[in-house]
Amino acid sequence: MKKSTVTLVDVAKKAGVSVMTASRALSGEGYASEETRAKVQAAAQELGYAPNALARMMKGGRTNVIGVVVNDLASTVVNGFVTAISEEVRKYEMDMFIYNSLGDLGDGKGKRLSQLLHGLWDGLIYVLPRMSDDYLRTLEASTSPIVMINYCKQETTLPVVRGDNVNGARDAVAHLIELGHRRIAFVRGTAYTGQSDERERGYRAALQEAGIEGDPELIVQGDFNEQSGADAARTLLALAEPPTAIFAANDAMALGCMSALREKELRIPQDVSVIGFDDMAGSAVVQPGLTTLRHPVAPMAQAAVQELMRRIQSQPGRRQRIEFPSEFVIRASTGPGPEAPARKSRARARKQA
């Protein structure tokens, strides 16, 4: 019998049970003994029967599929969350579908969004979403179960699982201040998810708490990629009084900063200390190892799946905001602030050379 022609009736007949019993055994909804369930599943496997998710959805049933919406599959941070979400989804014996939006979460009125909200899944998880305000409003008005990870741009009625960016950034800059740094630069990332803005808030708070007046020249715009970090560092190094430390809003930009510093034959951290955020895979192996902050990816992914499952099962949600503290990881890219006279003399020597 060809797989395309196999129906639930065929499976029920093969297993020697009613169609209704076969349906309960395969869907997991309603009672079926373990013996019956095993017999029906064996018959389905032998016949090559695959339940039609669309048919189940049209009948008001669940598809046992979780949709995960991402913007950039090349991102190591996104990949970390997707992997952890997949592991948690398996615990519920469900499948996962990944939709790569390529950053195209536009006005909230397009065909793609409609397909997402009415697709073959029971609920959606958005990972680091870059979305317009209209798109967010449409999601908020939807009846589909939705959870977002690390969305900080604005307040929303949707449940959000997020890491603590503000206090993490404050800790990072306070560490640099304790090492004696006073000229501390910040490399911004894009404003899509709101994380960069929160990390900048932490940066400014640490300076203010230490009585250090912020210098607007020390805040440079990046784009969350390595090249933009290198460009930002070159801009900072061209200042009349360059920074002795750089805090970048993510690791990719911090690694770019380190490349630009090496171009100028500056030592890390003897001449300039560098801190990133996210603790991406390469941060521990680069030389020197990058001091950074990390969010607890696995616990956050678990919390997101668990919150989504509560809503899929029409149970009360845990809460609208689930926030996890950042962990500060100190490596070799940070050290004591260099003395200004010695640093200036080295700079003059390099210029003369």
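A few remarks follow.
- From Thr63, Thr76, Thr36, Thr83, residue being surrounded by 20 or more Cβ atoms within 10 Å (Cβ to Cβ) and either at pLDDT 85 or above or more than 18 Å from Val9 (Cβ to Cβ) (or both): Thr63
- The residue that is surrounded by the fewest Cβ atoms within 10 Å (Cβ to Cβ), among those in segment 166-218 that are closer than 18 Å to Pro269 by Cα and touching an Asp or Glu at 6+ places or on another chain (Cβ under 7 Å), is Arg183.
- Per-region count, segment 1-31, residues small (Gly, Ala, Ser) and either over 41 Å from the mean Cα position of the chain (by Cα) or at pLDDT 80 or above (or both): 6
The values are calculated or read from the model by the stated rules, or taken from the named source; none is laboratory data. Being a predicted model, the structure only gives us computed values, none of them experimental. Glycine also receives a Cβ, built like all others from the backbone with ideal geometry; neighbour counts cover every protein chain displayed.
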